[in-house]
Ligand SMILES: [Zn+2]
C-alpha cells in the first residue's frame, strides 16, 4: 500500500503513537508484558521489581510513565540507510548482544531487511538488551527476549479479519480523486479500473458525470482498519451506460468477474496493453511523422506514459520477436490465434526472462514503456494485425470469454445475490449520496 519512506529524527514513542496508531494496538501491550516477564526471569535480583512494574505499567506507548521499571523502553524508527549496527551504536547498546542476535538465523534474517519508517521496540538495562520486538509483516511480529543462555525468539501471529464495505460516488475529476473523496483507497481505484478494463478506457473515456459503486473487502486487525481488499461487486456508469460486475470464486480457487447474469467480463484481447496510458496518437493512415516530417501512415496507437510503466500482453500468445528492430527500437511481437499479431514498440526494456518462443498469458508483463527507436518522447507504440494487415486497435470488437459454466450457474446466482443486493443499496437514489465504510 502506501510504503512511504519516512525520515524522522528519533524522538521516542510519543511521536510514533501519533503517526502510526493502528500498528500498536492491544497486542503490543501483550507482547511487551510477555517480554518483561521473560527478561525478568533471567535476571536475578530484578524479578520482583519487574513484576511489580508490569502491574503498574499503563500502556507501552507511555514508557516514561512507568517509573518503577528498571528497563528503559525504546521505540526506534528506522531511518534511511540505517543498520542495526548504527542503531545499537547510537543508543549505546551492547554490540556483543547484537552479535548474539545475529548468530540466530531467523533473527538475523529479520534484521537484515530494514525499511525506513519501520519500528523496532527495545528494552535494555544499562545498554544490555533485554528484549526486542519487530513487526516483520502485516500478520507477524518477531519477539526476542533474553534468557539465561542467550536470546530466545518467537513469531507472534496477528491475524487479519475480513469485513465487507461499500462505496459509491460520482466522477468529478479523476477516478483516483473521486474514489479517494468517497473514502476509498488508491488500490480500490486501480481495482475498479481493472474490473472494467475490457469495456472502459479509464484514462481517455471517463469523465465528469460518470458514477461508480463497489462492494469490497477490507482487512482489519485488533479493531483497526488496515487496508482495502478485493472488489466483490462493482458498477460503473460511463457516458450513461451502466456496467456491472460481480466476483465469483471458481471451484479451483481462482476468481473471475461476470455480469450479474453470468456473462464474462473478460475478452480475448485487452482493450489497451497499458493500464494508465493516455492515447497520444491514434490510428491514422495519413499522418505526418513527427521525426521524419513526411506523410507516413500511423498504423497503430501511441500511449503516452512515464518510462518504466508496465506493458502487458493484450492476449494469450507466443513471443514471435523480442529484440531491436529499426524505428521500433526495443520491440515485442506476439502471435495469437486467428492469425492475429500484436506489436509493442519503443520499450525501455523487456520483462525479465522473456524470450523468443515463450508462451505468454493475457495481462502478463512483457516490457516497460520507453523511447527507444524513432520516438520523440516516452510512449508505447501498439499495433494490431490480422494476417499481416494493420487494423485500428481501438475499433476492434473483441469477443467475450466463456460465460459462467452451466453447472455452476445456480451456485453463481445464489452466491452473488447478496453482493448485488448490497450494491443496489449504495447505487439506489437513497443510498448513493456518498461512500460508507
Ligand atoms: Zn506510434
Could you compute Rg(Cα) / (2.2 N^0.38 Å) for segment 153-288, with N its residue count? 1.24
Ranking of 110, 337 by count of other Cβ atoms within 10 Å, fewest first: 337, 110
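Based on the Cβ-Cβ distance of residue 126 and residue 224, what FRET efficiency does E = 1/(1 + (r/R0)^6) give at R0 = 30 Å, to the nearest 0.05? Please report the intermediate quantities before stating the final value.
Values: r = 35 Å, r/R0 = 1.18.
Using R0 = 30 Å, I get an efficiency of 0.25.
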Mean Cβ-within-10 Å packing, highest first, puts peptides 176-184, 357-365 in the order 176-184, 357-365
Okay, which of segment 130-161 sit inside 13 Å, backbone N to the point 7 Å along the Cα-Cβ direction of residue 109? 136-137, 142, 154-155
Between residue 199 and residue 428, what length comes free when the chain is fully extended (0.36 nm per residue of separation minus the Cα-Cα distance, one decimal in nm)? 80.2 nm
R0 of 45 Å, Cβ-Cβ distance residue 415-residue 320: FRET efficiency to nearest 0.05: 0.65
Rounded if a/c is under 1.5, else prolate if a/b is larger than b/c, else oblate: which is segment 278-395, with a ≥ b ≥ c the root eigenvalues of its Cα gyration tensor? oblate
Normalised by the number of residues in segment 278-395, what is the relative contact order in percent for Cα pairs under 8 Å and 6+ residues apart? 30 percent
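Coordinate-derived values only; no laboratory data. From a predicted model like this one, the values you see are computed outputs, not experimental measurements. Neighbour counts run over all protein chains shown; Cβ positions are idealised from the backbone, glycine included.
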